[in-house]
Each structure stands twice: as C-alpha cells, then as structure tokens.
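> This is the structure I want to talk about, given as structure tokens.
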Amino acid sequence: MITAAEYAQGVASLDYRLSGRLDANMDPILPSIKGSGVFALDKIKLKGFKIMNTIAKDTENKELADPELAGVQIKSSIANNLMTIERTRMRIAGFRPKCTFVFFLTLWSIKTDLLQMLGI
C-alpha cells in the first residue's frame, strides 16, 4: 500500500481504536497491541502510478491512466502481532480488484512506513 500511496492525491481518513503497552522508551510493545478500524479513501487520484499507466498504454484504455478511487473502505484489525486487512473491493476505471492482506508487525516496519507516509 505504501508504494501506491506515493502516487495518491486526495482525501483520506482514518478511524482506528488501539490499545497496548509502551516500554520505557515510549515504543509500543508490539505483541500487546490490539485494535481495529477503517482507512477510508475518498476522491483519490493515482497520478503517475506506473502499473496502471502501463496497463492503460498496453490496452489502449485511457481511463486506466491516472485512475481515481472513491468510497473505498479498508477495514483492518491488529492482534497477536499481525495486522489483517479484510477483503477490500474497489473500482478502478471499470476494474474491480479485491485485496486481502496479513502483515507481521515489527517496530522497524511501523517506523519506516510512518516516515514514508509523512514524506520524511
């Protein structure tokens, strides 16, 4: 998701509830984290997203170049050091991909992903 986020412009929101413990350095103790929530995408344009632009060029379908997303609700939960993203459906220029993911959480990946999202 982070690689696609690099090309995304628009409105997104996050409604998430988390609980867990912190160590002496204020870093989360990952096995203790539990929670769930929704990451919502509304009026998102994937400008310059190479995968979609290549498909658009090869299929001669201009709608696929710089596609737009709206009304996408990505529901996920965290438990036992795993983040599970429920099956998510989206509509991209006539395509309706479905995605499901499971991530193993590490403190390094959380910090790296957060810094990338913030553009640091």
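Bear in mind that the values in this text are calculations on the coordinates, not laboratory data. In this text the structure is predicted, and so the values were computed from the model without any measurement. FYI the Cβ positions are ideal-geometry reconstructions off the backbone, even for glycines, and counts take in every protein chain you see.
> Full extension from SER36 to ASN61: what is 0.36 nm times the residue separation minus their Cα-Cα distance, to one decimal in nm?
Once the chain is fully extended between SER36 and ASN61, it gains 5.3 nm.
> For segment 5-97, state which GluC sites (Glu not before Pro) are in a DSSP loop and have at most 11 other beta carbons lying within 10 Å of their beta carbon.
GLU60
> What are the residues whose amide H is under 5 Å from the amide H of SER36, where those residues sit 5 or more places off or on another chain and H is modelled from the backbone?
The answer is ARG17, ILE78.
> Let me spell out the model: positive unit charges on the Cβ of Lys and Arg, negative unit charges on the Cβ of Asp and Glu, origin at the Cα centre of segment 19-95. What dipole size does that give, in debye rounded to 20?
That gives segment 19-95 a dipole magnitude of about 140 debye.
> What's the FRET efficiency of ARG21 with LYS43 using the Cβ-Cβ distance as r and R₀ = 30 Å, to the nearest 0.05?
0.20
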